[in-house]
Amino acid sequence: DLLAGYARIAWGKLDEIQPTDVINPLDVSRFFFEGRSEARLPMLLARARVHAGEHVTFEGVYLPDFRRGRFDQLDEPTSPFNLPVSVAEDPVVCLAIGCPAASIPVSDRAPAFTVQNAQGGARISVTTGRVDWSVSAFRGFESFGLYALEGVETIPPVPPPFVPAAGPPTVAIVYPRFTMIGADFEAVRGKWGLRGEAAAFVDDNFQSPELRVVTGHSFDAGVGVDRRAGDYTLSGTVLVRSESYDSPLPVVGSDATDGRTDVSFVVSADRTFARERYRFRGFGVYNATEASGFVRGIGMATLRDNLALEASIGWFAGEGRDLVGRFGDSDFVYLRFKYFF
């Protein structure tokens, strides 16, 4: 089975948040508005799958070009989902590191389209009895850039290959490589579905508040259940994320730390009405470690075969250092028409 071109390839079994789903970058706004499947950005790739009988499949994926993730398809610089501070327009940050209150040039160093910058991975999928399981590995670039301040001696040096350059301060947006090794499984018993997934990022990278890149490793694991209950499809997932840094990572308002662990709970519900003419989707995530959460509801109505009306509201609760907690002031509501042609 051969595939070549711009495509979306999903790895993993969990609902909404899949640790091993690392091939396609995400549009962050669509991730919060609609969900992960809609947020995946197509990548130029080639995939080959070999079906060795009915129960074993070997898969290889090769990506010759890099594509960065996107914060907002309408306006990247003003998107509320654009986490990094625009240092070039913030003289306060510059004063804090002892340089003149002037704009700092920003250099976006996205990987070029070369043979050396290719990405790729492999996956083996197996069916044993009534259990589907797989193991995978992937080597690629971080889809969202990390900020590294160069040319300032008071800032700890950025780990190789991002060596500070001599001269005036410069903020470099870099996309380091990462290595992921993952596994997942899925089984059905009666009306219940059981899923599990884990991903070890043995070569990972993290953003430090003083604008340097810190290397380390992380581990994501989760288990979830889902069930059809009348007109509803319900699911629930428990996720654990652990991070470990090769050098202490400063934390605003507290001492530096060499790691952290978060526990999150994810729930979702789907229901259709009037022969699938109307549909409701609800999604919620709660981080018990940071006491932060996010709730999203989407209502869709099919007005005609090629015309639909969609409305959604999203609410962020609490603030923290986790992904959801950083968007504490980014609640949203939208109404839009979809025309299919």
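Annotations for the structure displayed:
- Among (1) open to solvent by less than 80 Å² (accessible area, probe 1.4 Å); (2) over 20 Å from ALA221 (Cα atoms), the one test that GLU290 misses: (2)
- Residues of the range 260-284 satisfying the condition of being of a type outside the set (Phe, Trp, Tyr) and in contact with a Gly (Cβ under 6 Å, 6 or more places away or on another chain): VAL267, ALA269, GLY282
- Residue within the range 255-264 that is within 30 Å of LYS191 (Cβ to Cβ), part of a strand (DSSP E or B), open to solvent by less than 60 Å² (accessible area, probe 1.4 Å) and not basic (Lys, Arg) present: yes
- Leading residue by the ranking (surrounded by the most Cβ atoms within 10 Å (Cβ to Cβ)) among those in the range 316-333 that are among the aliphatic types (A, V, I, L, M) and outside any loop (DSSP other than H, G, I, E, B): ALA317
- Residue, nearest to the chain's Cα centre (by Cα), within the range 168-198, restricted to residues that are surrounded by fewer than 19 Cβ atoms within 10 Å (Cβ to Cβ) and of a type in the set (Ser, Thr, Tyr): THR179
- Verdict on ARG296 being surrounded by fewer than 16 Cβ atoms within 10 Å (Cβ to Cβ) and either in contact (Cβ under 8 Å) with a residue 12 or more places away in the chain or farther than 25 Å from ASP231 by Cα (or both): no
- For LEU14: the one exception among (1) under 13 Å from the mean Cα position of the chain (by Cα); (2) open to solvent by less than 10 Å² (accessible area, probe 1.4 Å); (3) over 23 Å from PRO80 (Cα atoms): (1)
- Hits in the range 209-240 (condition: modelled with pLDDT of 95 or more and among the aromatic types (Phe, Trp, Tyr)): PHE219
- All positions within the range 17-62 that are open to solvent by less than 40 Å² (accessible area, probe 1.4 Å), hydroxyl-bearing (Ser, Thr, Tyr) and out of contact with any helix residue (DSSP H, G or I) (no Cβ under 9 Å at 6 or more places or on another chain): THR20, THR57
The values are calculated or read from the model by the stated rules, or taken from the named source; none is laboratory data. Because the structure is predicted, anything quoted here is derived from the model rather than measured. Don't worry about glycine lacking a Cβ; one is built from the backbone with ideal geometry, like all the others, and counts go over all protein chains shown. Surface accessibility is based on the protein's heavy atoms, side chains included, excluding ligands, DNA and RNA. Shrake-Rupley method; radii C 1.70, N 1.55, O 1.52, S 1.80 Å.
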